[in-house]
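S.K.: Here you go, one structure.
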Amino acid sequence: MAITTNVLATRNAVKLDAVTVSFISSFPGKLNHFLARRLPQSMTRRVQKSCCYRETSLKAVTLFEMPETETSSVSDGVGILHFSKGKNYLVTGANGFLGKVLIEKLLRASPEIGKIFLLIKSEDQESANRRLYDEIITSDLFKLLKKIHGSSYEAFMKSKLIPVTGDIGEDNLGIESVTAAKISGEIDVIISCAGRTTFDDRYDFALNVNALGPGRLLRFGKGCKNLKLFLHFSTAYVTGKKEGTILETPLCIGENITSDLNIESELKLASEAVRKLHGNEEIKKLKELGMKRAQHYGWENTYTFTKAMGESVIHNQRGDLPVVIIRPSVIESSYKEPFPGWLQGIRMSDPIILAYGKGQMSDLWGDYKSLMDIIPVDMVVNATIAAMGKHSRGVSELKVYNVTSSSHANPLRLGEFTYRIEHMKGKRRLNYFVSLARTYEPYTFFRARFDDTNTKRLIQELSVEEAKMFEFDISGIDWVHYIVNVHLPGLKREHFKYY
């Protein structure tokens with residue numbers, strides 16, 4: 001694959017106007033970097049013949065490869081289907097992008113699965129039932145299941161998916177005591193998928209859901225007498241501003257998180273800010289507070305900072321409960337399952353693509369050698385189900401899986417990403433350009449690589465049948481095909497819903 005970008009800030013590149021110089025000067029320490037810019041078609045062939053950095057840059061990622069072995073074993077694997085048969089789940093965040101794909105694959109791969117209780121934020125049971133129908137049962141995502149079950153599709157879905165009125169942000173999950181007592185005796189696996197994902201979220205809301213929410217769910221899980229596993233979705237960027245290799249190790253305040261961080265103190269700080277602030281300034285100031293506290297402690301934004309707190313809460317409070325933490329990188333549209341290109345909402349990299357298409361920008365501030373750590377949602381789901389199958393045997397441990405793409409010999413680079421969307425026309429809009437540049441700076445200049453030893457080893461432990469049914473070997477992704485033929489068409493379909 002040819003990388004087709006050019007350099008704006010090289011010695012002989014182009015003359016910089018006053019506006020551009022002013023913009024570049026606002027990024028201290030980045031003067032050796034440049035704009036990843038799309039080239040005109042006339043220059044494409046020339047650059048394809050002179051991709052000078054490709055060989056050396058690939059050497060950096062080969063350090064993370066496992067020794068060559070069989071992709072999957074000839075054994076019975078990790079027992080995914082055997083485990084899932086008849087098991088009952090409690091899932092939070094089921095209406096979200098990742099949660100829906102997870103539910104679809106569980107139901108399609110194991111129709112003999114037990115019940116999946118879905119914690120749904122709603123006023124009453126009637127509205128919870130309506131949200132289940134409107135947002136899940138009738139979703140296009142489930143069209144394969146509709147085809148499989150035909151006229152009995154709705155009956156099948158309603159027999160498996162049980163909406164439970166509740167809220168991860170409330171004590172006891174906001175579940176009525178009678179309902180809580182009833183379902184707690186049935187649940188085998190808890191899947192923590194709920195979270196607030198806005199980078200610059202208001203601090204009080206992010207703390208309540210991302211930092212404290214996992215602890216509330218964990219306490220509920222300890223009351224489930226048959227619980228075999230607690231699985232939590234985090235983010236690969238949860239370790240903060242780091243360079244080098246990012247290991248698959250749990251986060252703990254006082255160990256790999258500074259002991260200066262005190263979650264109770266942060267809660268008091270946010271509460272005090274809410275008490276003092278009023279009117280139009282409240283949201284803005286609370287957002288600024290979150291970003292300020294995150295950067296003070298070494299994180300890029302409020303989202304990753306509060307997710308790190310959530311992980312530390314799980315680590316400290318789990319006791320002897322088996323826990324798996326899945327850390328995906330940038331989750332995007334499905335690669336293959338249940339069909340290519342399924343998307344819900346505008347994901348992390350999509351504002352860049354749309355800005356190119358709308359003519360709001362023609363360049364992206366970043367290092368074109370930097371790796372765009374994108375992972376298709378179906379591969380995250382398959383890795384998750386495989387991990388559940390392996391770790392649901394009652395062994396008391398906490399295992400972390402980095403489900404990422406940058407550690408493989410087949411990564412997607414920022415330069416190639418920007419070229420693959422170069423057919424979109426338009427003029428630069430400087431204000432929007434600056435806004436996107438600041439938002440994505442931590443990722444377009446990302447200097448770390450995610451170790452995925454645990455994830456690679458999990459792939460090797462799958463049986464041949466499991467590896468086919470639950471594919472998540474990222475090294476096999478054709479990035480050109482994925483961006484051009486899968487993700488962009490999916491993004492177009494999703495974007496046009498709003499216009």
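S.K.: Under the Karplus relation 6.51 cos²θ - 1.76 cosθ + 1.60, θ = phi - 60°, what is the ordered set of whole-Hz ³J(HN,Hα) values for region 264-278, x standing for Gly and Pro?
M.R.: Values per residue, Gly and Pro as x: 4, 5, 5, 5, 5, 4, 5, 5, 5, 5, 5, 5, 7, 8, 8 Hz.
S.K.: To continue, here is another question. Taking the mean number of other Cβ atoms within 10 Å as a proxy for protection, how do you rank 488-495, 83-90 from highest to lowest?
M.R.: By packing density, highest mean first, the sequence is 83-90, 488-495.
S.K.: Which of rounded, prolate or oblate describes region 102-143 when judged by the alpha-carbon gyration tensor and an a/c cut-off of 1.5?
M.R.: Cα axes put region 102-143 in the oblate bin.
S.K.: How much net charge surrounds L106 when only other residues with a Cβ under 14 Å from its Cβ are counted (Lys, Arg +1; Asp, Glu -1)? Before the final figure, lay out each step's value.
M.R.: Details: positive: K85, K87, K100, K105, R108, K115, K160; negative: E104, E112, D188, E337, D378.
Local charge sum for L106: +2.
S.K.: With a 10 Å radius around each residue's Cβ, average the other Cβ atoms per peptide and rank 332-343, 148-159, highest first.
M.R.: Order by mean packing, descending: 332-343, 148-159.
S.K.: Next up: Using modelled amide H (1.01 Å from N, peptide plane; none on Pro or chain starts), what sits under 5 Å from the amide H of A448, excluding residues fewer than 5 places away?
M.R.: Correct list: G244.
S.K.: Under the rule a/c < 1.5 gives rounded, and otherwise a/b versus b/c splits prolate from oblate, where does region 264-357 land using the Cα gyration tensor?
M.R.: Since a/c reaches 1.5 but b/c is at least a/b, the shape of region 264-357 is classed as oblate.
S.K.: I'd like the accessible area for L354: 1.4 Å probe, protein heavy atoms, all chains in place, Å² to the nearest 10.
M.R.: Per-residue accessible area (L354): approximately 30 Å².
S.K.: Enter the accessible area of L119 (Å², nearest 10), with the probe set to 1.4 Å and all protein chains included.
M.R.: 20 Å²
S.K.: Within the set of other residues whose C-beta is less than 11 Å from the C-beta of H391, count the net charge using Lys and Arg as +1 and Asp and Glu as -1.
M.R.: Spelling it out: positives minus negatives among the neighbours equals +3.
S.K.: Would you pull out the residues with amide H under 5 Å of C252's amide H, same chain only if 5 or more places away, H placed 1.01 Å from N?
M.R.: Amide H to amide H, under 5 Å and 5 or more residues apart or across chains, C252 pairs with I257.
S.K.: Moving to a separate point now. May I ask you to rank D451, D171 by accessible area, largest first, using a 1.4 Å probe over the protein chains only?
M.R.: The most accessible residue leads, giving D171, D451.
S.K.: Can you give the accessible area per residue of region 124-186, in Å², using a 1.4 Å probe?
M.R.: Using a 1.4 Å probe on heavy atoms only, each residue of region 124-186 averages 54 Å².
S.K.: Can you classify region 191-287 as rounded, prolate or oblate using the Cα gyration tensor, where a ≥ b ≥ c are the square roots of its eigenvalues, rounded means a/c under 1.5, and otherwise it's prolate if a/b beats b/c and oblate if not?
M.R.: oblate
The values are calculated or read from the model by the stated rules, or taken from the named source; none is laboratory data. Only a predicted model underlies this, so the values are computations on that prediction, with no experimental measurement involved. Reconstructed Cβ throughout: ideal geometry from the backbone, glycine too, with neighbour counts over all protein chains shown. Please note that ligands, DNA and RNA were not included when accessible areas were found on the heavy atoms of the full protein model with its side chains. Shrake-Rupley method; radii C 1.70, N 1.55, O 1.52, S 1.80 Å.
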